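> Before I ask anything, here is the structure I am working with.
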Amino acid sequence: QVQLVESGGGLVQPGGSLRLSCAASESIFRWYEIGWYRQAPGKQRELVATITSGHTTNYADSVKGRFTISRDNAKNTVYLQMNSRNPEDTAVYYCHKQYSGIWGQGTQVTVSS
């Protein structure tokens, strides 16, 4: 089955930008709807954004206007561009093949001065 690997996490200052990547192991990935989720310490995992195979996107209200999800099917990769970061965005970010049990291992993002 397809495997998902996230990368691009790290420490960023408030107001800064970061781009996460989710790389898939198979080209059939292009037909999948992919979601980015995040889980902050002591909180439940929550949906951040999704993108369909037709590039239709959906965002949580908390990130609308700040985050952008996109995909490059030639590279089997989905991206999450995060701008105007604030400390509440600190979490482990996961990519997920929607409607399946397939998750990546997660990448830590910390927003701090």
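The values are calculated or read from the model by the stated rules, or taken from the named source; none is laboratory data. This structure is a prediction, so every number in the text was calculated from the model and none was measured. Cβ placement follows ideal geometry from the backbone for every residue including glycine, while neighbour counts extend to all protein chains displayed. Just the protein is used for accessible areas: all its heavy atoms, side chains included, with ligands, DNA and RNA removed. Shrake-Rupley method; radii C 1.70, N 1.55, O 1.52, S 1.80 Å.
> Within region 2-39, which residues are modelled with pLDDT under 95 and at positive phi?
Within region 2-39, 10, 15 meet the criteria.
> Output the residues belonging to region 73-90 that are under 16 Å from residue 2 (Cβ atoms), at pLDDT 95 or above and not β-branched (Val, Ile, Thr).
Within region 73-90, no residue meets the criteria.
> Here are the criteria: (1) over 14 Å from the mean Cα position of the chain (by Cα); (2) at positive phi; (3) open to solvent by less than 60 Å² (accessible area, probe 1.4 Å). Tell me which single one residue 42 does not satisfy.
Just one mismatch for residue 42, condition (3).
> I've got another one for you. Name the pairs: first residue in region 73-84 and in contact (Cβ under 8 Å) with a residue 40 or more places away in the chain and more than 16 Å from residue 111 (Cα to Cα), second residue among the acidic types (Asp, Glu) and not in a strand (DSSP E or B), Cβ to Cβ under 8 Å, at least 6 apart or on different chains?
Between residues of region 73-84 that are in contact (Cβ under 8 Å) with a residue 40 or more places away in the chain and more than 16 Å from residue 111 (Cα to Cα) and residues that are among the acidic types (Asp, Glu) and not in a strand (DSSP E or B), the close pairs are 76/26.
> Restricting region 91-100 to residues that are open to solvent by less than 70 Å² (accessible area, probe 1.4 Å) and farther than 15 Å from residue 44 by Cβ, which is nearest to the chain's Cα centre (by Cα)?
Taking the candidates together, the pick is 95.
> Among the residues that make up region 2-17, is at least one of them surrounded by 14 or more Cβ atoms within 10 Å (Cβ to Cβ), charged (D, E, K, R), closer than 23 Å to residue 89 by Cβ and free of Cβ contacts under 8 Å to residues at least 60 places away in the same chain?
Checking region 2-17: not a single residue is surrounded by 14 or more Cβ atoms within 10 Å (Cβ to Cβ), charged (D, E, K, R), closer than 23 Å to residue 89 by Cβ and free of Cβ contacts under 8 Å to residues at least 60 places away in the same chain.
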